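Colleague: The structure's right below; bear with me while I get my questions together.
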Amino acid sequence: MSNNYNVKELREKLDRCKNIDLKDVSLDDVDEISSIKIDRRKSSNERILDFLTKIKNPYIFKVNNTLVKIGFSDNNRTADDALTCVLKNLYR
(Lines give C-alpha, C1' and ligand atoms only; values in the text may rest on other atoms or scores of the structure.)
Protein backbone atom coordinates (compact mmCIF):
# COMPACT_ATOMS: atom_id res chain seq x y z
CA MET A 1 0.00 0.00 0.00
CA SER A 2 1.18 3.49 -0.77
CA ASN A 3 2.59 5.65 1.99
CA ASN A 4 0.71 8.72 0.71
CA TYR A 5 -1.96 8.33 3.39
CA ASN A 6 -1.68 9.64 6.92
CA VAL A 7 -3.87 7.10 8.69
CA LYS A 8 -3.74 8.98 12.00
CA GLU A 9 -5.09 12.13 10.34
CA LEU A 10 -7.78 10.12 8.57
CA ARG A 11 -8.90 8.56 11.87
CA GLU A 12 -9.07 12.03 13.43
CA LYS A 13 -11.10 13.24 10.44
CA LEU A 14 -13.52 10.34 10.87
CA ASP A 15 -13.91 11.10 14.58
CA ARG A 16 -14.59 14.79 13.85
CA CYS A 17 -17.02 14.13 11.02
CA LYS A 18 -19.14 11.33 12.45
CA ASN A 19 -20.80 13.51 15.09
CA ILE A 20 -21.78 16.41 12.85
CA ASP A 21 -25.55 16.88 12.79
CA LEU A 22 -27.16 16.98 9.35
CA LYS A 23 -29.21 20.06 10.30
CA ASP A 24 -25.95 21.98 10.84
CA VAL A 25 -24.72 21.28 7.31
CA SER A 26 -25.26 23.37 4.19
CA LEU A 27 -25.39 21.86 0.70
CA ASP A 28 -22.46 24.12 -0.19
CA ASP A 29 -20.32 22.61 2.57
CA VAL A 30 -20.31 19.02 1.32
CA ASP A 31 -19.09 17.15 -1.75
CA GLU A 32 -21.29 15.76 -4.49
CA ILE A 33 -20.52 12.04 -4.27
CA SER A 34 -20.36 11.65 -8.05
CA SER A 35 -17.54 14.21 -8.21
CA ILE A 36 -15.23 12.05 -6.08
CA LYS A 37 -13.10 10.05 -8.52
CA ILE A 38 -11.42 6.89 -7.28
CA ASP A 39 -8.93 4.77 -9.23
CA ARG A 40 -10.53 1.36 -9.67
CA ARG A 41 -7.15 -0.27 -10.21
CA LYS A 42 -6.19 0.32 -6.58
CA SER A 43 -6.77 -2.26 -3.86
CA SER A 44 -9.98 -1.93 -1.87
CA ASN A 45 -8.05 -0.58 1.11
CA GLU A 46 -6.34 2.05 -1.05
CA ARG A 47 -9.68 3.03 -2.61
CA ILE A 48 -11.14 3.57 0.86
CA LEU A 49 -8.15 5.63 1.94
CA ASP A 50 -8.29 7.62 -1.31
CA PHE A 51 -12.01 8.29 -0.80
CA LEU A 52 -11.46 9.38 2.82
CA THR A 53 -8.66 11.69 1.72
CA LYS A 54 -10.63 13.30 -1.11
CA ILE A 55 -14.04 13.83 0.51
CA LYS A 56 -14.65 16.65 2.99
CA ASN A 57 -16.88 14.52 5.20
CA PRO A 58 -17.20 10.78 4.53
CA TYR A 59 -20.41 10.61 6.57
CA ILE A 60 -22.27 13.50 4.92
CA PHE A 61 -22.33 14.20 1.20
CA LYS A 62 -24.69 15.16 -1.62
CA VAL A 63 -26.40 12.86 -4.07
CA ASN A 64 -28.09 14.90 -6.81
CA ASN A 65 -28.21 17.95 -4.49
CA THR A 66 -29.76 15.97 -1.63
CA LEU A 67 -27.89 15.75 1.66
CA VAL A 68 -27.16 12.20 2.75
CA LYS A 69 -25.74 11.11 6.10
CA ILE A 70 -24.55 7.56 6.57
CA GLY A 71 -24.30 5.79 9.88
CA PHE A 72 -23.62 2.32 11.15
CA SER A 73 -25.72 0.12 13.40
CA ASP A 74 -24.39 -1.72 16.39
CA ASN A 75 -23.53 -5.03 14.74
CA ASN A 76 -20.44 -6.98 13.76
CA ARG A 77 -20.00 -5.14 10.46
CA THR A 78 -17.06 -2.74 10.56
CA ALA A 79 -16.98 0.72 9.00
CA ASP A 80 -14.34 -0.64 6.62
CA ASP A 81 -16.75 -3.37 5.50
CA ALA A 82 -19.58 -0.90 4.95
CA LEU A 83 -17.43 1.68 3.14
CA THR A 84 -15.89 -1.04 0.97
CA CYS A 85 -19.37 -2.14 -0.03
CA VAL A 86 -20.43 1.43 -0.82
CA LEU A 87 -17.32 2.10 -2.90
CA LYS A 88 -17.61 -1.18 -4.78
CA ASN A 89 -21.22 -0.36 -5.68
CA LEU A 90 -20.43 3.22 -6.72
CA TYR A 91 -17.33 2.46 -8.76
CA ARG A 92 -18.15 -0.82 -10.55
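The values are calculated or read from the model by the stated rules, or taken from the named source; none is laboratory data. Model, not experiment: these values are computed from the prediction. Note that we place each Cβ from the backbone using ideal geometry, even for glycine, and neighbour counts take in every protein chain shown.
Colleague: Evaluate the following for Leu49: is it surrounded by 12 or more Cβ atoms within 10 Å (Cβ to Cβ) and within 9 Å of the chain's Cα centre (by Cα)?
Modeller: Numbers: surrounded by 12 or more Cβ atoms within 10 Å (Cβ to Cβ): yes; within 9 Å of the chain's Cα centre (by Cα): yes.
Considered against the rule, which asks whether it is surrounded by 12 or more Cβ atoms within 10 Å (Cβ to Cβ) and within 9 Å of the chain's Cα centre (by Cα), Leu49 comes out as yes.
Colleague: Counting just the residues of the stretch 61-71 that are over 13 Å from Cys17 (Cβ atoms) and out of contact with any Asp or Glu (no Cβ under 9 Å at 6 or more places or on another chain), which one comes out surrounded by the fewest Cβ atoms within 10 Å (Cβ to Cβ)?
Modeller: Of all residues in the stretch 61-71, those over 13 Å from Cys17 (Cβ atoms) come to 62-68.
Then keep just the ones that are out of contact with any Asp or Glu (no Cβ under 9 Å at 6 or more places or on another chain); that gives 66-68.
Numbers: Thr66: 8, Leu67: 15, Val68: 13.
Here the residue is Thr66.
Colleague: State all residues of the stretch 1-60 that are under 17 Å from Ala79 (Cα atoms), out of contact with any Ser or Thr (no Cβ under 9 Å at 6 or more places or on another chain) and of a type in the set (S, T, N, Q); if no residue qualifies, say none.
Modeller: If the condition is that a residue be under 17 Å from Ala79 (Cα atoms), out of contact with any Ser or Thr (no Cβ under 9 Å at 6 or more places or on another chain) and of a type in the set (S, T, N, Q), then Asn19, Ser43, Thr53, Asn57 are the ones that fit.
Conditions (1) surrounded by 13 or more Cβ atoms within 10 Å (Cβ to Cβ); (2) modelled with pLDDT of 90 or more; (3) out of contact with any strand residue (DSSP E or B) (no Cβ under 8 Å at 6 or more places or on another chain); (4) among the polar types (S, T, N, Q), marked per residue:
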{"site": "Lys8", "(1), (2), (3), (4)": "no, no, yes, no"}
{"site": "Asn19", "(1), (2), (3), (4)": "no, no, yes, yes"}
{"site": "Arg41", "(1), (2), (3), (4)": "no, yes, yes, no"}
{"site": "Ser44", "(1), (2), (3), (4)": "yes, no, yes, yes"}
{"site": "Ile55", "(1), (2), (3), (4)": "yes, yes, no, no"}
{"site": "Arg77", "(1), (2), (3), (4)": "no, no, yes, no"}
{"site": "Leu83", "(1), (2), (3), (4)": "yes, no, yes, no"}
{"site": "Asn89", "(1), (2), (3), (4)": "no, no, yes, yes"}
